[in-house]
Amino acid sequence: MGALPAMAVLARPDLISALAPHCAELSDISGLTPPEMALRHGGGLILIEQGLPGWDQLLLLLAVERPSSAVIVVSDHLPTHMVRALMKIEASDILPGSATPGDIAGAFERLCETRVSEREKEPPSASVCWAFRGAVGGAGVSTLAIESAFALARIVGPGKVCLVDLNLADGMTASFLEAVPKLDLKALSAAPDRLDQRLLAAWCWQHEDGVSIIASPRNPDADIMATEAAILRLLDVVCGTFEYVLLDMPRHMMPWTKPVMGAVDQAIVVSELTVPSLHAAADMCRDIDMLRTDGTKARLVLNRMFPKKQFRAGFPVDTAEKSIERKIDVTITSDWDAARTAVNLGKPIADVKPKSALVADVASLVRKLAPEDILATHAANHRAKRAKR
């Protein structure tokens, strides 16, 4: 085992002495304050022994201010909140108090190898990002974004799709899926530039169906905290990590709404088939069209449509299109019973009632919006699997 590079150590003197032969340069940082420790040695190799003065403050500072560090904590009973802080650090481990200097040196070697391999991973060459935004309140945007994310994952496979709930103050995505809202909005807003893929991984929650969820705990002050720099940095890192990103957008205008709606691959406006909703949707679509730098137009989706056999008094879709002078791209059939059951179980509707007309309509929406090469690849893989049977 070769000698490790420079290591900063906050530990008892006998452990520091025993570690000296394993390191090219060893720094005893016990004489510094926690902010000084983080400032001088953050980003490098740091050993922290629980119980030493300032150990907990140092760990929290590294998690927020220098997550690019490689940290090992020596502890037999690390508190849960400190484990969570440790998870936000790029490379980390926990060793028992009985660990030998050789064990510690070996653990640091493995962390260094992990950091190198993670940084060498190729990011997605080009991510696909869709944004769902409601023209009126209660149009079912969150449900539609969720179902679209899971429908897309069934095409491209698990681990490639991420759903980001940007309704930061009162988002429902986490509740609908019984997900854990892990996004630390305060830390993100305080230092957007420190967000990287390692920290993002600590803020992701993955559903058993293979869709990653990024959501923040409900906070009435979230909209104030979420600066344009913070949200754009979040989306930049998410799109650099996942091949397919779907955004559940708030209806009301935020400081970052325009740049997001102007940059995404598909801007999807969700409405209902009522006169006020249609006019609001048409206005929103026109506003978004002006933001689209590539010349593409916003897509208009009518949600919660009655099944044809139960069609009630109203007006046909083609009449609606003429009244607003706008093409309606997709209609989604309402299935209230299936939607209610799904949210009560914390599952997508396709898992609860796969033959629902709503599920079929969402699948059509995804096929219509997805790039043709994705669909072609999926079709080829499907044919290959059938041929092997």
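The values are calculated or read from the model by the stated rules, or taken from the named source; none is laboratory data. Everything quoted here is computed from the prediction, not taken from an experiment. Note: ideal-geometry Cβ built from the backbone for every residue, glycine included; neighbour counts use all protein chains shown.
The figures follow:
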item	result
Top-ranked residue in the stretch 5-44 [being of a type in the set (Gly, Ala, Ser) and part of a helix (DSSP H, G or I); ranked as surrounded by the most Cβ atoms within 10 Å (Cβ to Cβ)]	38
Candidates 287, 329, 265 - the one that is surrounded by 14 or more Cβ atoms within 10 Å (Cβ to Cβ), under 29 Å from residue 254 (Cα atoms), under 25 Å from the mean Cα position of the chain (by Cα) and of a type in the set (Asp, Glu)	265
Residue list for the stretch 214-229, filter: of a type in the set (A, V, I, L, M), surrounded by fewer than 23 Cβ atoms within 10 Å (Cβ to Cβ) and either within 14 Å of the chain's Cα centre (by Cα) or more than 18 Å from residue 171 (Cβ to Cβ) (or both)	229
Set 210, 171, 140: member being surrounded by fewer than 19 Cβ atoms within 10 Å (Cβ to Cβ) and not assigned by TED's automatic domain parsing to the domain that holds residue 114	210
Residue check for residue 156: crowded, with 22+ Cβ neighbours inside 10 Å, out of contact with any Pro (no Cβ under 6 Å at 6 or more places or on another chain) and not small (Gly, Ala, Ser)	no
